[in-house]
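Right, one structure below, let's go through it.
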Amino acid sequence: MPATTQALLDEATNHLTAAAALARHEDTPRAHALAGLIQLMRAGIAPGTFDTPDPTPGPATVTGRLRAVLAALDAVDPLDGPPDLLAWSWQVADLIHILDRDRAGRS
């Protein structure tokens with residue numbers, strides 16, 4: 001895997017870690033479930049790596065972090081990335097869509 005691909009995947013997983021932490025900050029069962037789902041995505045993209053990264057600069061919202069994840073995954077050349085790259089991108093995009101609809105429904 002090329003170094004730039006690995007750097008993009010590392011960036012995506014760091015943003016996922018930050019998104020999970022932001023979700024967990026709201027101490028409700030729903031927020032903890034969201035954090036768990038985000039952690040599962042992180043484990044799928046980078047299996048076996050559960051280090052806590054240094055703080056990654058980025059948006060201060062869960063949805064903003066997920067958009068940063070999607071941008072990093074979309075920048076990976078599909079031929080250089082993991083075989084399930086498209087599936088993870090789709091899952092992140094789907095979660096963004098669900099959160100956006102949920103937020104719109106609460107307004």
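The values are calculated or read from the model by the stated rules, or taken from the named source; none is laboratory data. Owing to the predicted nature of the structure, the values given are computational and were not obtained by experimental measurement. All Cβ positions, glycine included, derive from the backbone under ideal geometry; neighbour counts span all protein chains shown. Just so you know, the surface numbers come from the protein's heavy atoms only, side chains and all, with ligands and any DNA or RNA stripped out. Shrake-Rupley method; radii C 1.70, N 1.55, O 1.52, S 1.80 Å.
What are the residues in region 49-77 that are modelled with pLDDT under 90, open to solvent by 70 Å² or more (accessible area, probe 1.4 Å) and closer than 19 Å to Q6 by Cα, if any?
F50, D51, T52, D54, P55, P57
Need the failing condition index for P59 against (1) part of a helix (DSSP H, G or I); (2) free of Cβ contacts under 8 Å to residues at least 24 places away in the same chain; (3) under 17 Å from T13 (Cβ atoms), just the number.
Single failed check for P59: (1).
Checking the structure you have, find out if any residue of region 29-40 is touching an Asp or Glu at 6+ places or on another chain (Cβ under 8 Å), modelled with pLDDT under 90 and either part of a helix (DSSP H, G or I) or open to solvent by less than 40 Å² (accessible area, probe 1.4 Å) (or both).
no
Do we find that I98 is surrounded by 17 or more Cβ atoms within 10 Å (Cβ to Cβ), modelled with pLDDT of 90 or more and either assigned to a helix (DSSP H, G or I) or out of contact with any strand residue (DSSP E or B) (no Cβ under 8 Å at 6 or more places or on another chain) (or both) in this structure?
When the stated conditions are applied, I98 does not pass them.
Mind checking which residues of region 62-95 are free of Cβ contacts under 8 Å to residues at least 12 places away in the same chain and not in a loop (DSSP other than H, G, I, E, B)?
Pass one, region 62-95, residues free of Cβ contacts under 8 Å to residues at least 12 places away in the same chain: 64, 71, 78-79, 83, 86-87, 90, 94.
The answer is G64, A71, L86, A87, W90, D94.
Could you check how many residues of region 1-24 are outside any loop (DSSP other than H, G, I, E, B), open to solvent by 70 Å² or more (accessible area, probe 1.4 Å) and more than 16 Å from L66 (Cα to Cα)?
3
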